[in-house]
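Chemist: Below is the structure I would like to discuss, written out as structure tokens.
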Amino acid sequence: MALHIATCPWEASLEEFCAAAATAGYEGIQYNVGADPAQQDRLRAALERYGLRLAATTAGGMFQDPATRAVEIEEAVAEARRARALGAEALEMMCGARPVGGPTPAQIRAYAAGLNEVGRRCADLGMRVGVHNHCILFLETAAEIELLYEHLDPRFVGTGFDTGHLALAGINPVEFFRRYAARTAYVHLKDLYQVSRPAGDSEQVLDFEALVALAEGADIYTWLVIRTVEGQRLVLGGGALGHAFLRGHRGRLKAARCCDIGEYQFAEIGSGGLVDFPGVFAVLQAAGFDGWLAVELDVCYRTRLESARMSRQYIRQQLGV
């Protein structure tokens with residue numbers, strides 16, 4: 001297996017990022033190429049200068065509107081084509097906004113149809129396509145992921161699971177990786193740990209304003225997992241994305257009867273969180289996976305370089321990769 005580090009949300013110039021990735025011991029990077037020829041030249045030069053490979057790029061598209069579906073597909077394939085010209089092997093498909101109440105089966109089928117076409121065209125380029133799951137976006141829950149993969153063609157579209165977002169959604173990452181091991185195209189690695197339980201186990205009614213206050217009191221990288229008396233599991237996020245989600249889901253959340261709230265944050269690999277990385281890697285190795293894994297540093301409690309190095313050392317020393 002090869003390992004590379006993802007850029008998100010690396011706040012640095014391309015030059016600084018590549019230098020840090022190489023110093024920390026990574027073989028490659030995930031980076032969006034874009035349509036600007038000058039940017040492509042800068043990326044090519046940086047890869048050569050630091051001895052890195054471009055492992056993957058990212059594209060979007062939800063394929064719900066027949067009037068824009070062909071354009072969305074073409075944009076995704078165009079980014080894949082640009083990245084492939086620089087040696088990339090994978091396209092990560094990032095899902096979009098979450099409908100109120102979650103996506104319907106019809107919406108998931110439409111998403112799958114668009115992904116299948118992107119995957120078919122990327123297969124002609126020699127690119128793997130993996131779908132990224134993400135809490136408070138379109139593809140969050142186990143049921144949604146399972147239904148999507150019932151409609152995806154395994155010849156063209158594989159998994160792009162994110163270990164942290166699986167755990168945040170209440171999914172056992174090892175079990176999901178085992179279930180879809182043969183369809184793995186790309187992997188995002190990050191840990192998750194529980195910071196606190198601000199509401200304890202006390203039963204209470206939280207109105208919309210109370211939920212917004214909790215989310216706004218958390219920083220952009222803090223997530224709240226609310227369990228309701230009715231058995232629902234709601235994931236809320238801080239920052240602009242989380243606040244937009246709250247506003248869009250006002251009707252569903254304004255009278256949530258809550259029996260437990262947990263506060264969670266993502267963390268570097270090796271932080272001793274909730275993700276069983278030895279188990280995930282054992283599944284991938286048993287399945288013969290030979291693609292790329294991206295360490296995604298959403299939250300760093302050290303400098304970016306120190307966090308990148310810490311994650312890389314853990315994977316090398318503890319997992320043998």
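Chemist: Might you check whether a residue that is within 19 Å of residue 158 (Cα to Cα), out of contact with any strand residue (DSSP E or B) (no Cβ under 9 Å at 6 or more places or on another chain) and surrounded by 14 or more Cβ atoms within 10 Å (Cβ to Cβ) occurs anywhere in segment 6-15? Working first, answer last.
Modeler: Going through segment 6-15, the residues within 19 Å of residue 158 (Cα to Cα) turn out to be 6.
Within this subset, residues satisfying the condition of being out of contact with any strand residue (DSSP E or B) (no Cβ under 9 Å at 6 or more places or on another chain) are none.
So far as segment 6-15 goes, no, none of its residues is within 19 Å of residue 158 (Cα to Cα), out of contact with any strand residue (DSSP E or B) (no Cβ under 9 Å at 6 or more places or on another chain) and surrounded by 14 or more Cβ atoms within 10 Å (Cβ to Cβ).
Chemist: Which residue pairs have Cβ atoms closer than 6 Å, lie 6 or more positions apart in sequence or on different chains, and pair a first residue in segment 50-66 that is assigned to a strand (DSSP E or B) with a second residue that is among the small types (Gly, Ala, Ser) and surrounded by fewer than 21 Cβ atoms within 10 Å (Cβ to Cβ)?
Modeler: Close Cβ pairs (under 6 Å, with a partner that is among the small types (Gly, Ala, Ser) and surrounded by fewer than 21 Cβ atoms within 10 Å (Cβ to Cβ)) amount to 53/87; 54/87.
Chemist: Let me ask something additional. Residues that are surrounded by fewer than 21 Cβ atoms within 10 Å (Cβ to Cβ), in a helix (DSSP H, G or I) and either small (Gly, Ala, Ser) or free of Cβ contacts under 8 Å to residues at least 12 places away in the same chain (or both): does segment 22-33 have at least one?
Modeler: yes
Chemist: To continue, here is another question. Got a sec? Which of 59, 70, 80 is out of contact with any Phe, Trp or Tyr (no Cβ under 7 Å at 6 or more places or on another chain) and either more than 19 Å from residue 130 (Cα to Cα) or among the charged types (D, E, K, R) (or both)?
Modeler: Going through 59, 70, 80 in turn, just one is out of contact with any Phe, Trp or Tyr (no Cβ under 7 Å at 6 or more places or on another chain) and either more than 19 Å from residue 130 (Cα to Cα) or among the charged types (D, E, K, R) (or both): 70.
Chemist: How many residues are outside any loop (DSSP other than H, G, I, E, B) and closer than 25 Å to residue 177 by Cβ when one looks only at segment 84-108?
Modeler: 7
Chemist: Being within 18 Å of the chain's Cα centre (by Cα), in a loop (DSSP other than H, G, I, E, B) and surrounded by fewer than 19 Cβ atoms within 10 Å (Cβ to Cβ) is the filter here, so list the residues in segment 109-163 that pass it.
Modeler: 141
Chemist: In segment 36-49, which residues are surrounded by fewer than 17 Cβ atoms within 10 Å (Cβ to Cβ) and either part of a helix (DSSP H, G or I) or not assigned by TED's automatic domain parsing to the domain that holds residue 127 (or both)?
Modeler: Of everything in segment 36-49, those that are surrounded by fewer than 17 Cβ atoms within 10 Å (Cβ to Cβ) and either part of a helix (DSSP H, G or I) or not assigned by TED's automatic domain parsing to the domain that holds residue 127 (or both) turn out to be 37, 38, 39, 40, 41, 42, 44, 45, 48, 49.
Chemist: Here's another thing I want to ask about it. Given the conditions (1) in contact with a Phe, Trp or Tyr (Cβ under 6 Å, 6 or more places away or on another chain); (2) among the small types (Gly, Ala, Ser); (3) at pLDDT 95 or above, report the number of the one that residue 106 does not fulfil.
Modeler: Just one mismatch for residue 106, condition (1).
Chemist: Can you say whether residue 97 is more than 28 Å from residue 313 (Cβ to Cβ), modelled with pLDDT under 95 and in contact with a strand residue (DSSP E or B) (Cβ under 8 Å, 6 or more places away or on another chain), as far as the supplied structure shows?
Modeler: Numbers: more than 28 Å from residue 313 (Cβ to Cβ): yes; modelled with pLDDT under 95: yes; in contact with a strand residue (DSSP E or B) (Cβ under 8 Å, 6 or more places away or on another chain): yes.
For residue 97, the condition - more than 28 Å from residue 313 (Cβ to Cβ), modelled with pLDDT under 95 and in contact with a strand residue (DSSP E or B) (Cβ under 8 Å, 6 or more places away or on another chain) - is met.
Chemist: Tell me which residues, restricted to segment 92-122, are free of Cβ contacts under 8 Å to residues at least 60 places away in the same chain and touching a Lys or Arg at 6+ places or on another chain (Cβ under 7 Å).
Modeler: 114
Chemist: Also, I was wondering about something else. Given 138, 156, 161, which one is of a type in the set (Phe, Trp, Tyr), more than 18 Å from residue 81 (Cβ to Cβ), in the same structural domain as residue 86 (by TED's automatic domain parsing) and in contact with a Lys or Arg (Cβ under 8 Å, 6 or more places away or on another chain)? Steps first, please.
Modeler: Details: 156 fails: more than 18 Å from residue 81 (Cβ to Cβ); 161 fails: in contact with a Lys or Arg (Cβ under 8 Å, 6 or more places away or on another chain).
Checking each option against the conditions leaves just 138.
Chemist: If only one of 282, 294 is outside any loop (DSSP other than H, G, I, E, B) and either surrounded by fewer than 21 Cβ atoms within 10 Å (Cβ to Cβ) or without any contact (Cβ under 8 Å) to a residue 24 or more places away in the chain (or both), which one is it?
Modeler: Sole residue among the options that is outside any loop (DSSP other than H, G, I, E, B) and either surrounded by fewer than 21 Cβ atoms within 10 Å (Cβ to Cβ) or without any contact (Cβ under 8 Å) to a residue 24 or more places away in the chain (or both): 282.
Chemist: Could we say that residue 166 is within 16 Å of the chain's Cα centre (by Cα) and not in a helix (DSSP H, G or I) here?
Modeler: No.
Chemist: Which one is farthest from residue 261 (Cα to Cα) among residues in segment 136-176 that are β-branched (Val, Ile, Thr) and modelled with pLDDT of 95 or more?
Modeler: The initial filter retains those residues of segment 136-176 that are β-branched (Val, Ile, Thr), namely 136, 141, 145, 157, 159, 163, 171, 174.
Then keep just the ones that are modelled with pLDDT of 95 or more; that gives 141, 145, 157, 159, 163, 171, 174.
Numbers: 141: 18, 145: 24, 157: 36, 159: 30, 163: 21, 171: 17, 174: 24 Å.
Going through the qualifying residues, I end up with 157.
The values are calculated or read from the model by the stated rules, or taken from the named source; none is laboratory data. Because the structure is a prediction, the values reported are computed rather than measured. Note that each Cβ is placed from the backbone with ideal geometry, even for glycine, and that neighbours are counted across all protein chains shown.
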